[in-house]
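See structure below.
Every number here is computed from the coordinates shown, using simple stated rules; none is lab data. Nothing here was measured: the structure is a model prediction, and the numbers come from that model. Note: ideal-geometry Cβ built from the backbone for every residue, glycine included; neighbour counts use all protein chains shown.
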Amino acid sequence: MPLNIIYPLMIVIASSSYGILSTIVKLGMQDGYTSSEVVSSQYIFGFLLALLLVLATQRKLPHIQLKGWAILVLAGIFTATTGMVYGQSLNYLPASLAVVMLFQFTWIGLLLDCALKKRLPTRAEVISLLFLFAGTILAAGVLDVDLTAIAWQGWALGLTSALTFSIFIQINSRQVTGMTNITRTFIVSAVALIVISIFLSPEILWNGQLTSGLWKYGLALGLFGIILPILLFSIAVPKVGGGLTSILSAMELPVAILVSVIFLHEVVTPLQLFGIVLVLVGMILPSYLSMRKQSLKNNR
């Protein structure tokens, strides 16, 4: 498989992993656990899995420069912040609208990438964002939601989660020399666990909740919410770039809807299915046009 396909595919797999999380959290809540407990278990098991990977693969500690540590600490902080802020937004927003607000990271991330690289969005990127914006609204089913009674805190928290996720993507586009991606994943997960422990429910470590059944949700969330996305983003984002990563990460929405239908038996309308198609078109378009342009250039 060509390298120009592998790295975008890694981004798609990483974002798809994020799409699974909301259903796992809901299943945990149906089993009697609070959202705070379930999310805390995600970061605990994510750290433990990352620790096992490091112990199994690394033979010595890496030498990391101060700039590298800054990148890793910030990545961990914004990983944890996104999870916490998005969870808080659900206290004010319907789940469908919270997803739409989070998905504003597509255009926020692209604007951040353009500002940092001092460039203008390409025509393909603008067209892609139009497809993504329209598709997200239709796929999330917010056309049937009454928006008049929603508190301003919901809008603010929703946009903040989009901003923090956009910053996380941009930070992950920075390479850290002198270390492997597995070690990077471990350090990021450790920082995220520290931040989560300050604000959520670290008491699950000693109150018996983990051994009573919470562990199975934490293990699944740690794998799909920490290990896979952070590891794959660490590998692929520096190769793909922050702008295209923001667009490809839109795969999270179709996966979130599909998984909720399968495991939570939620109903999807034809309008939502059309929205999913628009999201997929908007996600694929920049990569397709880029590969087509490169192919025409090589054939000259």
Burial-style ranking of 229-235, 63-69, average other-beta-carbon count within 10 Å with highest first, yields 229-235, 63-69
Most packed first (mean Cβ within 10 Å per residue), the peptides 273-283, 186-196 order as 186-196, 273-283
Phi angles of segment 8-16, converted by Karplus (6.51 cos²θ - 1.76 cosθ + 1.60, θ = phi - 60°) into ³J(HN,Hα) in whole Hz with x for Gly and Pro, give x, 5, 4, 4, 5, 5, 4, 5, 5
Each label sits 7 Å from Cα toward the beta-carbon; between Lys67 and Thr269 the label points are separated, in nm, by 5.1
Distribution output for segment 18-74: share of Cα-Cα pairs per 10 Å bin in percent, first bin at 0, values 19, 32, 29, 18, 3
Phi-derived 3J(HN,Hα) across segment 228-244 with the Karplus relation (6.51, -1.76, 1.60, θ = phi - 60°), rounded Hz, x for Gly and Pro, is 4, x, 5, 5, 5, 4, 4, 6, 8, 4, x, 7, 8, x, x, x, 5
Karplus ³J(HN,Hα) for segment 252-257 (6.51 cos²θ - 1.76 cosθ + 1.60, θ = phi - 60°; Hz, whole; x = Gly/Pro) runs 4, 5, x, 5, 4, 5
Mean Cβ-within-10 Å packing, highest first, puts peptides 38-50, 70-82 in the order 38-50, 70-82
Sorted largest first, the Cα spans of segment 15-114 on the principal axes come out in Å as 47, 41, 21
Cα-based Rg/(2.2 N^0.38 Å) for the chain, rounded to two decimals, is 0.99
